[in-house]
Amino acid sequence: MLSADQPNLPDSLLGPEDVGAALDVSRETLSRLTKFVDLLLKWQRSINLIGPGTVDDVWRRHVLDCGQLVRFLPDRRARVLDIGTGAGLPGMVLGILGVPNIQMIESDAKKCVFLREAARITETPVKIIEARAESALCEPADVVTARAVAPLTRLLELTERYIKTNTICFFFKGKDFKNELTDIKNSWNMQFETHPSLTQHDGVILQLESVARVHAPND
């Protein structure tokens, strides 16, 4: 299993066997991940699920990138809410890896059709919510995740309604994450730490806890 301090993996293309070994999954789980990837690539021909430039390296750039998050989940039974999940990244990958309580919010109807088919063929018990993040009917979660959704200032606005006192947020961020933290310092209080990405040299998983909006004195 991946360790929390494992260094970045090589930049060379990784296939299913490489990623399966890195994530230390069973043959059955790898088979389910393969079904997911095959479906994703099939649907990619007609709708934009992932960046075209990442198609050839889908196992490293998407499956492993999302799967690395299991290292940091405080409890594998935690209720996870994935905001703007798109192709199920990271929500569907986490579900296939055995995280049991996954909800995914996605506003694009075609992507939701894809997600339902992915859940069916991989036999993954996830809940798919077709709605905008700011209006979805979801209770606060134990863990909130988001990948390639929005800058941090907007992301916190979208997720605020799903965050409770002990919620942990895991947001996938790139090299500008420090600037994004600076942008919110006068608007939000939180504790944070960063985890270097295994798959992107300048990427991090930003972990936020005790997230609360700073209110003006007259509020």
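The values are calculated or read from the model by the stated rules, or taken from the named source; none is laboratory data. All of these numbers come straight from a predicted model, not from anything done at the bench. Heads up, the Cβs are rebuilt from the backbone with ideal geometry, glycines too, and the neighbour counts pull from every protein chain shown.
Exactly one residue out of 153, 159, 194, 199 is in a strand (DSSP E or B), of a type in the set (Val, Ile, Thr) and out of contact with any Gly (no Cβ under 7 Å at 6 or more places or on another chain), and it is 194. Restricting attention to segment 108-129, the residues that are surrounded by fewer than 18 Cβ atoms within 10 Å (Cβ to Cβ), touching a residue at least 60 places away in the same chain (Cβ under 8 Å) and over 13 Å from residue 85 (Cα atoms) add up to 3.
Being among the hydrophobic types (A, V, I, L, M, F, W, C) and out of contact with any Gly (no Cβ under 8 Å at 6 or more places or on another chain) is the filter; apply it to segment 130-150 and report the residue that is surrounded by the most Cβ atoms within 10 Å (Cβ to Cβ). Looking at the filtered set, the residue picked out is 144. Being buried (at least 24 other Cβ atoms within 10 Å of the Cβ), in contact (Cβ under 8 Å) with a residue 24 or more places away in the chain and outside any strand (DSSP E or B) is a property that holds for residue 94. Kindly evaluate residue 81 against the criterion of being touching a strand residue (DSSP E or B) at 6+ places or on another chain (Cβ under 7 Å), surrounded by 16 or more Cβ atoms within 10 Å (Cβ to Cβ) and more than 23 Å from residue 210 (Cβ to Cβ). It is false that residue 81 is touching a strand residue (DSSP E or B) at 6+ places or on another chain (Cβ under 7 Å), surrounded by 16 or more Cβ atoms within 10 Å (Cβ to Cβ) and more than 23 Å from residue 210 (Cβ to Cβ).
When the residues of segment 2-33 are filtered to those that are at pLDDT below 55 and in contact with a Ser or Thr (Cβ under 9 Å, 6 or more places away or on another chain), the one that is surrounded by the most Cβ atoms within 10 Å (Cβ to Cβ) is 9. Just one of 145, 159 is touching a residue at least 40 places away in the same chain (Cβ under 8 Å) and in contact with an Asp or Glu (Cβ under 6 Å, 6 or more places away or on another chain); which is it? Step by step, each of 145, 159 is checked, and only 145 is touching a residue at least 40 places away in the same chain (Cβ under 8 Å) and in contact with an Asp or Glu (Cβ under 6 Å, 6 or more places away or on another chain). Within the set 130, 134, 117, 139, the sole residue that is of a type in the set (D, E, K, R), within 21 Å of residue 184 (Cβ to Cβ) and more than 14 Å from the chain's Cα centre (by Cα) turns out to be 134. In the set 199, 194, 165, only one residue is at pLDDT 95 or above and among the hydroxyl-bearing types (Ser, Thr, Tyr); that residue is 194.
Taking interchain pairs and intrachain pairs at least six residues apart, which have beta carbon atoms under 9 angstrom, with the first residue in segment 36-61 and closer than 17 Å to residue 121 by Cα and touching a residue at least 60 places away in the same chain (Cβ under 8 Å) and the second of a type in the set (Ser, Thr, Tyr) and part of a helix (DSSP H, G or I)? Note: pairs meeting the criteria are 36/122; 39/122. Which one is farthest from residue 142 (Cα to Cα) among residues in segment 162-191 that are among the hydrophobic types (A, V, I, L, M, F, W, C), in a strand (DSSP E or B) and within 19 Å of the chain's Cα centre (by Cα)? The residue in question is 172. Somewhere in segment 54-65, is a residue touching a helix residue (DSSP H, G or I) at 6+ places or on another chain (Cβ under 7 Å) and either of a type in the set (Phe, Trp, Tyr) or in a loop (DSSP other than H, G, I, E, B) (or both)? Among the residues of segment 54-65, at least one is touching a helix residue (DSSP H, G or I) at 6+ places or on another chain (Cβ under 7 Å) and either of a type in the set (Phe, Trp, Tyr) or in a loop (DSSP other than H, G, I, E, B) (or both), which makes the answer yes. Residues in segment 97-128 that are of a type in the set (Val, Ile, Thr), over 27 Å from residue 193 (Cβ atoms) and not in a helix (DSSP H, G or I): 124, 126, 128.
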